[in-house]
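Notes to accompany the following structure.
What follows draws every value from the coordinates through simple rules; no lab data is involved. All of these numbers come straight from a predicted model, not from anything done at the bench. Note that each Cβ is placed from the backbone with ideal geometry, even for glycine, and that neighbours are counted across all protein chains shown.
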Amino acid sequence: MTDRRVIWLFWLSVVLFLGWMSFGQFVSAKVPAVVANIVLLSGMGLNLVVAGAYVLLNRRLLKAQRTDTGFRSRLDEVREHVARARELMAELEDDVATRTAALEKLLEDSKYYENLATVNKTQAKAIEDMVSRQFRRQGRITTVQWWLSIVAAIVFGFVVNWASTPVWAWFTR
């Protein structure tokens, strides 16, 4: 129950008690008015104590629930942060593994190029001569292909030009 309901119940009980006492005084005059007032005041006091105790206990209970809820929400937040930290750790481990693999590849490449650097001058000269001969040969082949394609294009142009006049006349008649 809310605090308002408790207060309304308190005042309702006071009014009912007053009504009962008033009815009892008017119907039978056997109960003296002083005794009726003492009973009335003690009943009101008891109602007030019970209502006040209920309100205080209810407020303490609500405060405890709010505190418990606050603790639980903070605990849930901590759990979420720990879960996120685990996810980040997994991502970081993957990233570190990727970078480690790339570093190992670079180390292998560096060893390979160091070995190439240790090749003596005669071997380097022999390799250079072999490569330059291959490039010269390839250059000659490319030049010959270029000239042949130009000659073929010129011949093809003359043939098409010579043949286009009779073909055009045949299509237009």
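Here are the numbers for the structure shown:
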read-out	value
Distance between modelled label sites at residue 81 and residue 8, nm, 7 Å Cα→Cβ extension	4.5
Length released on extending from residue 55 to residue 136, taking residue separation times 0.36 nm less the Cα-Cα span	18.7 nm
Full-extension gain in nm, residue 128 to residue 147, via 0.36 nm per residue minus C-alpha separation	4.0 nm
Calculated FRET value between residue 92 and residue 117, using beta carbons and R₀ = 30 Å, to 0.05	0.25
Separation in nanometres of the label points that stand 7 Å from Cα toward Cβ, at residue 63 and residue 154	10.9
Per-residue HN-Hα couplings for the range 89-106 [Karplus 6.51, -1.76, 1.60; θ = phi - 60°; Hz; x = Gly/Pro]	4, 4, 4, 5, 4, 4, 5, 5, 5, 5, 5, 5, 4, 5, 5, 4, 4, 5
Cα pair distances exceeding 18 angstrom across the range 122-173, given as percent	62
